[in-house]
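Worksheet for the structure shown next.
The values are calculated or read from the model by the stated rules, or taken from the named source; none is laboratory data. Computed from a predicted model, the values in this text were never measured in an experiment. As a convention, Cβ positions derive from the backbone with ideal geometry for all residues, glycine included, and neighbour counts pool all protein chains shown. The area values use the complete protein model at the heavy-atom level, side chains included, leaving out ligands, DNA and RNA. Shrake-Rupley method; radii C 1.70, N 1.55, O 1.52, S 1.80 Å.
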Amino acid sequence: PDPLPSSSAMSSDEEMPPMGAGGTGMDDDSDGGMDDAGADGPILPEGVKKEIITASEGFKRPKKGDEVTVHYVGTLTDGTEFDSSRKKDKPFVFPLGKGQVIKGWDLGVATMLKGEVAKFTIASEFGYGESGSPPTIPPNASLVFEVELISWASKDDLFGDEGVIKTTLEGEGKGWKKPSDGDEVRLTLKAEAADGSVIEERKSIEYVVGSDALGPLAKAVDMALAGMRKNESVSLKCAKEYAYGEKHPDGATITLALEEIYETKDMSFGKDGSVMRKQTQEGEGFDRPKDGVKATLAVTAATDGAGAALPGFKAATIEFTVGDGEVCDALECAVGEMKKGEKAVLTASASSAAETKLGLQDVKEGKIVLTIELQEFEKKKEIWDMSEEEKVEFGTARKEVGSQLLKAGRYELALQKYKKVGEAFSFVDNYKEENKGKAKALKQACELNKSAVYLKLQDWTEAKNTCNSILKDDKENIKAIFRRAQAQLHLKNFQDCMNDCKKVVELDSQNKEARALLKLAQAGQKEEDKQAKGLFANMCKALGKGPIPAPGKADKIGEFSDEEDAPMDAQDDEAEEEGAKEEGQAAEEGAKESA
């Protein structure tokens, strides 16, 4: 039979099952129970019964607003067929959950998976109601539909005002990452007017999400990208407000393909932005090079910050031991976080990336941009998989590498070695006695060397904290006490510094360094006391200016005493002159005391 309209508003060529009379269809603002999801999708009411005929191995279901494509056969409960898309050899397409079909369909199709075939028995209140759809569907008729969900186009109203409707075209995307503001991506974009003419097209461009590089399309594109994954393509049907305005008053359709999401990460040891890595190609698997393993890294290009090739650069494939300082800090920073086959662009300061093996030793200033690929690396045991003896051997070897790096002035890299050894021996209480002693000695030696590195890096607080950690277990460790004293001096904790210096002298009366440091702390304390005394004196002078009025007779706001009538500049000059005299007297007194 011909398709049956449910109301005079439907044209004769619309297909079944249309929305029934009596308000049984879903309106645009109603979810109609679609959000009450269970393990098998939205829970159906009593009036809609589902029987799966052909199951699907998928897991995704269409959501409200998606444009679904189905085949169906409709019958009455006695088996009388009243409509079939299969006989027409034309699938039926409709927007799910928008009330453009009978309510039983909106509810039932929302529970289906792609490729699934199901039979729905729909009571009249979820079908055509009391009036039916004469002459084929009688009043109060229950209906039976066999439905196959062929596919659907995911549609989203990005701003909630129907100004930008996003339709997923192809591909479910790769991975889990989605771009956010500030991320750099590579995309292809094509914008077409309502008549199909091409307004603009950009292929494989690099774009920073949240920037204005795409002009009037930026707002719509940024919102769409926030929900996309790599290799996903979408269509954006944009009203003029989200496209080109009055220049194209009928709006535009944007086809957008997200080709790559660049992961940009601060790889510098101090997380100060001096070494930034932008991933341009993902690597394989999950493993990354461990400290002490051999790695092979290809460096194919080197430019300055403006993109100009650096003179003297020689492309090379470098094999080195990770963490041993055989290459520059920039490459050491980057390689430990890369996967096999990963490609990246490394932007680093000249001081950390002037690699001799690449012919860049003469670059002294500015930025160096390196294009790199991790080709191969060895795989070794994880720390937690090592035996006690293997851990002690590993710790001893890495400590020796750290000491060599410390002597060579590679402080940041040396610090990484000492940290790793410390982490390896965090818990040694269950070790055999012979291994426990070695492990504790190694850890303490590395902690002491850490404190020395922090002093070299002028990180006084970390130096003090590291020494405190050592002194918890070894209260008379002279090196830790002395290094803490050095840190206290730079932190201007002069009294604490003096206390530590005196402790060192008590333990080692011949320690000249401690005596010299004690004098510096005493001088610093004296200068601080002098400044405090001068400041206090000036405060007292300021407080003592002018007569103190009797209670209740203070000048009213806006009135001035005779003394206050003097010009402000003159008062300031007098205060400065008196302050200068006092400072001179204090300086003379200090000189006499020193003498």
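Quick rundown of the values:
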| item | result |
| --- | --- |
| Region 199-317, relative contact order [Cα under 8 Å, separation at least 6], % | 14 percent |
| FRET efficiency, ASP474 to LYS533 (Cβ-Cβ, R0 45 Å, nearest 0.05) | 0.70 |
| FRET efficiency, HIS490 to SER56 (Cβ-Cβ, R0 60 Å, nearest 0.05) | 0.30 |
| With DNA, RNA and ligands ignored, accessible area of MET498 (1.4 Å probe; Å², nearest 10) | 20 Å² |
| From the C-alpha gyration tensor of region 128-241, square roots of 5λ in Å | 40, 18, 13 |
| Inter-site label distance for PHE159 and GLU326 at 7 Å from Cα along Cβ, in nm | 5.7 nm |
| Debye log10 I(q)/I(0) for region 398-476, one point scatterer per Cα, at q = 0.15, 0.17, 0.18 Å⁻¹ | -0.51, -0.65, -0.72 |
| In order through region 115-132: 3J(HN,Hα) via Karplus (6.51 cos²θ - 1.76 cosθ + 1.60), integer Hz, x for Gly, Pro | x, 6, 10, 9, 10, 10, 9, 10, 5, 4, 5, 9, x, 9, x, 5, 8, x |
| Separation of alpha-carbon centers, region 196-243 and region 474-515, rounded to whole Å | 63 Å |
| Cα-based Rg of region 290-363 normalised by 2.2 N^0.38 Å, two decimals | 1.05 |
| Trypsin sites (Lys or Arg not before Pro) restricted to DSSP loop in region 464-530 with at most 11 other C-beta within 10 Å | LYS475 |
| Cα-based radius of gyration of region 194-251 once divided by 2.2 N^0.38 Å, which approximates compact folds | 1.16 |
| Full-stretch length increase - GLU337, ALA301 - with 0.36 nm per residue and alpha-carbon distance subtracted | 11.0 nm |
| Coordinate range along principal axes, alpha carbons of region 60-132, Å, largest first | 33, 27, 18 |
| Label point distance in nm, LYS177-LYS419, each placed 7 Å from Cα along Cα→Cβ | 2.2 nm |
| Environment charge of ASN468, counting only residues whose C-beta is closer than 13 Å and scoring Lys/Arg +1, Asp/Glu -1 | 0 |
| Pairs beyond 18 Å (Cα-Cα), from LYS443/LYS475; LYS290/LYS419; LYS178/LYS237 | LYS178/LYS237 |
| Linear extension gain, LYS456 paired with ILE150, 0.36 nm per residue minus alpha-carbon span | 103.4 nm |
| Difference of contour (0.36 nm per residue) and Cα-Cα distance, THR75 to ARG515 | 148.2 nm |
| Normalised per residue, the volume of the convex hull around the Cα set of region 166-317 (Å³) | 162 Å³ |
| Two-decimal Rg/Rh across region 355-426, once Rg and the Kirkwood Rh are taken from alpha-carbon atoms | 1.09 |
| Of the GluC sites (Glu not before Pro) in region 58-148, those whose Cβ has at most 16 other Cβ within 10 Å and which sit in DSSP loop | GLU130 |
| Computed over region 72-178, the ratio Rg/Rh where both radii use C-alpha atoms and Rh is Kirkwood | 1.05 |
| Per residue Cα convex hull volume in Å³ - calculated over region 297-338 | 88 Å³ |
| Leading residue at positive end of dipole, region 160-220 (Cβ point charges), from LEU187, ILE199, ALA220 | LEU187 |
| In region 136-211, chymotrypsin sites (Phe, Trp or Tyr not before Pro) in a DSSP loop with at most 12 other beta-carbon atoms within 10 Å | TRP176 |
| Computed FRET value (nearest 0.05) for GLU284 with GLU365, which takes r as the C-beta separation and R₀ as 35 Å | 0.40 |
